[in-house]
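The values are calculated or read from the model by the stated rules, or taken from the named source; none is laboratory data. All values derive from a computational prediction rather than experimental measurement. When we count neighbours, we look across all protein chains shown, and the Cβ atoms used for this are built from the backbone with ideal geometry, even at glycine. Heavy atoms of the whole protein, side chains included, go into the accessibility calculation; ligands, DNA and RNA do not. Shrake-Rupley method; radii C 1.70, N 1.55, O 1.52, S 1.80 Å.
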Amino acid sequence: SAWHQALALQLPPAWAGDDATVQRLLMPALHRAWMADRFGPLAHAGRGDAALRAWFADGWADFLAHRSLLREGLWTADDYAAALNARIASYLGEPARDLPTTQVAANSGASPALAALQAMRGEWLALQWHLALRRAGHPGLDTVLRKQLVSADLARREGPISTPLATHRLVATLRAALHDQPLRDLQLHIDQGQPFDFRADSL
């Protein structure tokens, strides 16, 4: 769990894991804490709309964390595929997977399943756009995100109405390479809740 400027991990007394296991446990939490601050405001001050962008704050953090686990050798390619297959099975088995995001966001604080649904939607969207960028000859989503980072003095989770939200800046940047696909995908899969489909080349 995040606590001020630190992350706390509670383990049972008889836990027998090693450093690599700790890293595998911490990686998603580290990425979620980092994503929430490094791209500018995710919500408008006083509007209570942060949950509507959990697909980015949590889902894209999971996308990056899973890629980091693979890149740093803490996961094999089989580990990565197995983890995502398990998440896909969970997603496809979730009765609320086709609810619009307003309903999911409104109840995600009281329902771990709905909070997880928001994150999974975000990861599937990230994978879909990463694949589309690669097919268009672009290095991929990591490069796009790197250019969206803001300086530490601008890092905050809320901003005035006049400040573009991180997700709005991201979509505007992606449109240069993917044209109308980002807006269309956001409306269908995030706003309206249309379920994603999965193909053999999704990864």
Handout entry: Range of Cα positions in the chain per principal axis (Å), largest first
Key = 51, 41, 35
Handout entry: Rounded to whole Å, sorted largest first: equivalent-ellipsoid semi-axes of region 1-85, Cα gyration tensor
Key = 27, 17, 10
Exercise for the section: Determine the per residue accessible area of the chain with all protein chains present and a 1.4 angstrom probe, expressed in square angstrom. Expected result: 54 Å²
Problem - Relative intensity, log₁₀ I(q)/I(0), of region 81-165 from a Debye sum that treats every alpha carbon as a point, q = 0.12, 0.16 Å⁻¹ - result: -0.55, -0.90
Problem - Base-10 log of normalised Debye intensity for region 117-203 (one unit scatterer per alpha-carbon) at q = 0.19, 0.24 Å⁻¹ - result: -0.98, -1.35
Handout entry: Candidate residues Asp185, Asp98, Asp58, Asp79: accessible-area rank, largest first, probe 1.4 Å
Key = Asp98, Asp79, Asp58, Asp185
Fill in the blank from the handout: Contact order relative to length for region 1-156, counting C-alpha pairs under 8 Å separated by 6 or more residues, stands in percent at 29 percent
Exercise for the section: Find the centroid of the Cα atoms in region 154-178 and in region 13-83, then give the distance between the two in whole Å. Expected result: 20 Å
Handout entry: the chain, dipole about Cα centre (Lys/Arg Cβ +1, Asp/Glu Cβ -1), debye to the nearest 20
Key = 520 debye
Problem - Dmax and Rg, reported as Rg then Dmax, of region 77-130 (C-alpha, Å) - result: 11.8, 36
Completion exercise
Whole-percent carbon and sulfur contribution to the accessible surface of the chain (1.4 Å, no ligands, DNA or RNA) stands at 55 percent
Problem - Among 133-143, 119-129, the order from most to least packed when residues are scored by Cβ within 10 Å on average - result: 119-129, 133-143
Handout entry: Net charge, Asn85 excluded, C-beta distance under 12 Å - Lys, Arg +1, Asp, Glu -1
Key = -1
Handout entry: Probe 1.4 Å - accessible area at Ser202, Å² to nearest ten
Key = 30 Å²
Completion exercise
Subtracting the Cα-Cα distance of Ser202 and Leu154 from 0.36 nm times their residue separation yields 13.8 nm
Completion exercise
The local net charge around Gln148, scoring Lys/Arg +1 and Asp/Glu -1 for residues other than Gln148 whose Cβ lies under 10 Å from its Cβ, equals +4
Completion exercise
Out of Ala33, Ala81, Pro139 - ranked by how far each Cα lies towards the positive end of the dipole of the chain, with unit charges on the beta-carbon of charged residues - the top one is Pro139
